[in-house]
1. Once you put a point 7 Å from the Cα of ARG398 and another 7 Å from the Cα of GLU226, both along the Cβ direction, what distance in nm separates them?
2. Can you tell me the FRET efficiency between TRP418 and HIS255 if r is taken as the Cβ-Cβ distance and R0 is 56 Å, rounded to the nearest 0.05?
3. Would you list SER394, SER93 from fewest to most Cβ contacts within 10 Å?
4. Where does the charge balance sit around VAL96 when Lys and Arg score +1, Asp and Glu -1, over other residues with C-beta under 13 Å from its C-beta?
5. Among the listed pairs LYS374/LYS413; LYS113/LYS133; LYS160/LYS248; LYS137/LYS160, give every one whose C-alpha distance is greater than 23 Å.
6. So how far apart, in nm, are the two label points at THR70 and LYS330 if each is 7 Å from Cα heading toward Cβ?
7. Can you classify the stretch 265-325 as rounded, prolate or oblate using the Cα gyration tensor, where a ≥ b ≥ c are the square roots of its eigenvalues, rounded means a/c under 1.5, and otherwise it's prolate if a/b beats b/c and oblate if not?
8. Extending each Cα 7 Å along its Cβ direction at THR82 and PHE124, get the distance between those two points in nm, one decimal.
Amino acid sequence: MPSLNEEELFLPSTPGKFKDRSNTMHRQFHRCFASTSTLFLWALFLVALTASYLSFQSFVESGSRYLSSTWGGIQWEKQVRTSAQIHRANGFSVLVTGAAGFVGTHVSLALRKRGDGVVGLDNFNDYYDPSLKKARKSLLNARNIFIVEGDINDSPLLAKLFDVVAFTHVMHLAAQAGVRYAIENPHSYVHSNIAGLVALLEACTTANPQPSIVWASSSSVYGLNEKVPFSELDRTDQPASLYAATKKAGEEITHTYNHIYGLSITGLRFFTVYGPWGRPDMAYFSFTRNILQGKPITVYRGKNRVDLARDFTYIDDIVKGCVASLDTAKKSTGSGGKKRGPAQYRIFNLGNTSPVTVPMMVGILERQLKVKAKKKMVEMPGNGDVPFTHANISLARRELGYKPTTDLQTGLKKFVRWYLSYYGYSHGKSVK
Ligand SMILES: O=C(O)[C@H]1O[C@H](OP(=O)(O)OP(=O)(O)OC[C@H]2O[C@@H](n3ccc(=O)[nH]c3=O)[C@H](O)[C@@H]2O)[C@H](O)[C@@H](O)[C@@H]1O
């Protein structure tokens with residue numbers, strides 16, 4: 001049986017009809033034209049198919065990003081706006097980064113209490129127990145403060161926040177904290193304290209109006225300085241840890257944004273802040289836990305068995321310094337991403353001005369907890385620690401009216417009371 005030729009494949013058969021030559025030529029022309037247009041139609045169809053596949057893909061991607069994203073949407077925007085609402089005359093609306101952190105929580109509460117609008121931002125990372133951060137978040141939610149779950153490196157999120165709210169101030173407390181952890185995870189410091197800071201400043205620069213910025217630097221910028229007390233005029237070019245180096249870099253970076261874009265900047269050098277709802281990675285906190293659990297604590301000592309000392313500063317004093325910084329911050333001068341005039345740039349020490357040695361701090365805890373610590377005295381490892389800190393606070397006193405009132409004994413008493421109410425008194429058992 002003869003096989004069907006091409007013509008028969010594409011044209012309907014007309015049995016019994018005579019096929020003359022002219023007809024054949026016409027048909028060939030027609031066939032040629034028909035096959036070209038068929039090809040064209042096929043090509044068009046394929047292009048349309050590919051295009052719709054690609055747009056479907058991007059729809060699926062953006063849809064899943066939207067669904068998996070923790071921010072965005074009408075309801076979310078409403079929560080942000082409501083939280084930012086000001087409830088006092090001449091009040092502020094403040095974006096607090098690191099709001100579920102130790103200092104962030106306390107500052108947010110203080111601002112809300114006096115009627116300022118507060119929106120929190122926190123990435124809830126697991127540098128330390130995130131359940132403590134979630135508990136702080138609940139505390140804030142109970143005061144109608146909304147916490148956006150997100151990272152300061154997320155520029156679209158920052159742009160959205162400034163789009164939804166005309167923040168008057170940013171209290172920037174989000175950071176990778178901890179001096180010694182930088183040995184383990186150096187990139188985390190660059191990610192949060194450098195890249196994250198730049199992302200935030202970029203967002204503030206283009207925001208309209210530009211907010212005034214108050215942010216957390218650190219006493220660690222004084223590094224290996226020996227002249228005490230540390231003054232803001234002293235050199236800060238001998239950091240002893242990557243943490244300190246990133247905070248120092250932050251001071252330089254904020255200066256650049258102040259100079260180029262007219263952002264109003266206040267940097268606060270915090271001195272070993274402690275208190276209720278504190279950070280479990282800090283010595284006073286982990287010592288308390290270990291003492292209660294009957295576990296040994298490692299107490300570092302400097303060269304020649306000299307005790308280490310810190311200018312421990314109680315959280316309520318720090319909060320007053322933060323709020324006073326916001327109150328005295330001048331407006332940023334830029335708009336539309338351009339500087340319109342010189343803007344305020346300040347740096348303040350926020351310390352207690354009375355350093356206490358680490359063994360003395362342990363002694364206070366022992367008396368508060370009524371348990372003897374199992375101390376292991378160890379020479380300070382060369383991993384970023386400095387032997388002592390001591391703040392000169394005359395500048396903050398003069399410009400901010402800053403006057404710390406809580407000594408370590410009083411402050412630790414309050415901390416221990418909170419610790420026992422939060423974790424319970426559990427000797428030798430693991431606590432939550
Ligand atoms: O003032 C600051 O800028 C810094 O204060 C603290 O850093 P640090 O003073 O080192 O606080 P802790 O980690 O609580 O250490 C306090 C003292 O206890 C000592 N320590 C720490 C841990 C330990 O196991 N044993 C021990 O003796 C340290 O050497 C230090 O002298 C914070 O952790 C930093 O985030 C902050 O920036």
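1. Label-label distance for ARG398 and GLU226, simple model: 2.8 nm.
2. Working: r = 37 Å, r/R0 = 0.66.
Using R0 = 56 Å, I get an efficiency of 0.90.
3. In increasing order of surrounding Cβ atoms, one gets SER394, SER93.
4. +2
5. LYS160/LYS248
6. 3.8 nm
7. oblate
8. Roughly 1.9 nm, to one decimal.
Here, each number is a calculation from the coordinates, and none is a lab measurement. Keep in mind that what you see is a predicted model, and the values were worked out from it rather than measured. Neighbour counts run over all protein chains shown; Cβ positions are idealised from the backbone, glycine included.
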